[in-house]
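The values are calculated or read from the model by the stated rules, or taken from the named source; none is laboratory data. Quick caveat: nothing in here was measured; it's all calculated off a predicted structure. Using ideal geometry, Cβ is built from the backbone for each residue, glycine included, and neighbour counts are taken over all protein chains shown. To get the accessible areas, we keep the full protein, side chains included, count just its heavy atoms, and leave off ligands, DNA and RNA. Shrake-Rupley method; radii C 1.70, N 1.55, O 1.52, S 1.80 Å.
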Amino acid sequence: MSYHHLALAASDMKATHEFYEGVMGFELVKVEVAPVMTGGWGKHFFYRMDGDDSTFIAFWELHDTKDADEYIFDLNKAANLPPMTNHYSFSVKSDEELAQWREKWHAAGLSVFEIDHNWCKSIYTTDPSGNAVEFCLTRGEFTAADRERALAALDETEFNPSPAPASMKMWEPVDA
């Protein structure tokens, strides 16, 4: 089984398009316009990633739907969770590619947070709806000890932290 698409509602579809096509480099390839089950209608935009016709991120632009003025588009705000808890992550293959994305985001005027988790290195920003977006580089391979630790954590009720991150850095927008 493989991933096909992640679908999210967008607070501002034009800004979302500028971010995901202009900054992220995903290609808008399809829209489905249809009624929404509870009333109103929506446009469902599909963005192809890396030229792959089987992997997409998609966004809904909703119209004439019930209680639209009360929608919360940031997944964490909607769930009353700490920022960055819910997020989506895209894979990179090298430190150079991760650095290129960091510079691209920063040049686009976005705040970028970088963290080396010891087993992977990540950069984070937010999209126009406030949702956290990540690029992640996995380093090394998982061991039997990693799995044992993960299984043990399923039953833990006390704080038993992982090793501290190797590093954390923040890049604020140039215009800040």
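Surface calculation, 1.4 Å probe, protein heavy atoms: residue 96 sits at approximately 120 Å² accessible. Solvent-accessible area assigned to carbon and sulfur over the chain amounts to 55 percent, based on a 1.4 Å probe. Rounded to the nearest 500, the 222 nm mean residue ellipticity of the chain from helices alone is -5000 deg cm²/dmol, with -39,500 (n - 2.57) taken per DSSP H run of at least 4 residues. Stretching residue 38 away from residue 86 to a fully extended chain increases their span by 14.7 nm, per 0.36 nm per residue minus the current alpha-carbon distance.
Counting alpha carbon pairs within less than 8 Å and at least 6 residues apart, what relative contact order, in whole percent, applies to region 100-175? Reported relative contact order: 42 percent.
Computed from point charges on the beta carbon alone (+1 for Lys and Arg, -1 for Asp and Glu), the dipole magnitude for region 135-176 about its Cα centre is near 180 Debye. Taking 157, 125, 85 and ordering them by how much accessible surface each has at a 1.4 Å probe, largest first, produces 157, 85, 125. Surface calculation, 1.4 Å probe, protein heavy atoms: residue 126 sits at approximately 60 Å² accessible.
What's the center-to-center distance, using Cα atoms, between region 59-83 and region 7-37 in Å? Centre-to-centre (Cα) distance: 15 Å.
When exposed loop sites are taken as chymotrypsin sites (Phe, Trp or Tyr not before Pro) in a DSSP loop with at most 10 other Cβ atoms within 10 Å, the longest stretch of the chain clear of them is 4-141. Would you give the gap between the C-alpha center of region 140-156 and the C-alpha center of region 88-139, rounded to a whole Å? Each part reduced to its Cα centre gives a spacing of 25 Å. Across region 151-157, rounded Karplus estimates of 3J(HN,Hα) from the backbone phi angles (6.51 cos²θ - 1.76 cosθ + 1.60, θ = phi - 60°) give 5, 4, 5, 4, 9, 6, 10 Hz, Gly and Pro being marked x.
Taking a 22 Å limit on the Cα-Cα distance, which of the listed pairs 121/169; 77/169; 43/93; 14/104; 14/121; 43/104 fall beyond it? Over 22 Å apart, Cα to Cα: 77/169; 43/93; 14/121; 43/104.
Excluding the site residues themselves, the longest part of the chain lacking any trypsin sites (Lys or Arg not before Pro) in a DSSP loop with at most 15 other Cβ atoms within 10 Å is 1-65.
Simple rule: put +1 on each Lys or Arg Cβ and -1 on each Asp or Glu Cβ in the chain, find the dipole, and look at 89, 111, 173; the Cα lying farthest toward the positive end is 89. Relative contact order of region 38-172, taken over Cα pairs closer than 8 Å and 6 or more residues apart, is 21 percent. Across region 109-125, computed HN-Hα scalar couplings (Karplus, 6.51 cos²θ - 1.76 cosθ + 1.60, θ = phi - 60°) run x, 9, 6, 10, 10, 10, 9, 9, 7, 5, 9, 8, 10, 10, 10, 9, 8 Hz from first to last residue, x flagging Gly and Pro. About the centre of its Cα atoms, the chain shows a dipole size close to 120 debye [charges on the beta carbon of Lys, Arg (+1) and Asp, Glu (-1) only; nearest 20 debye].
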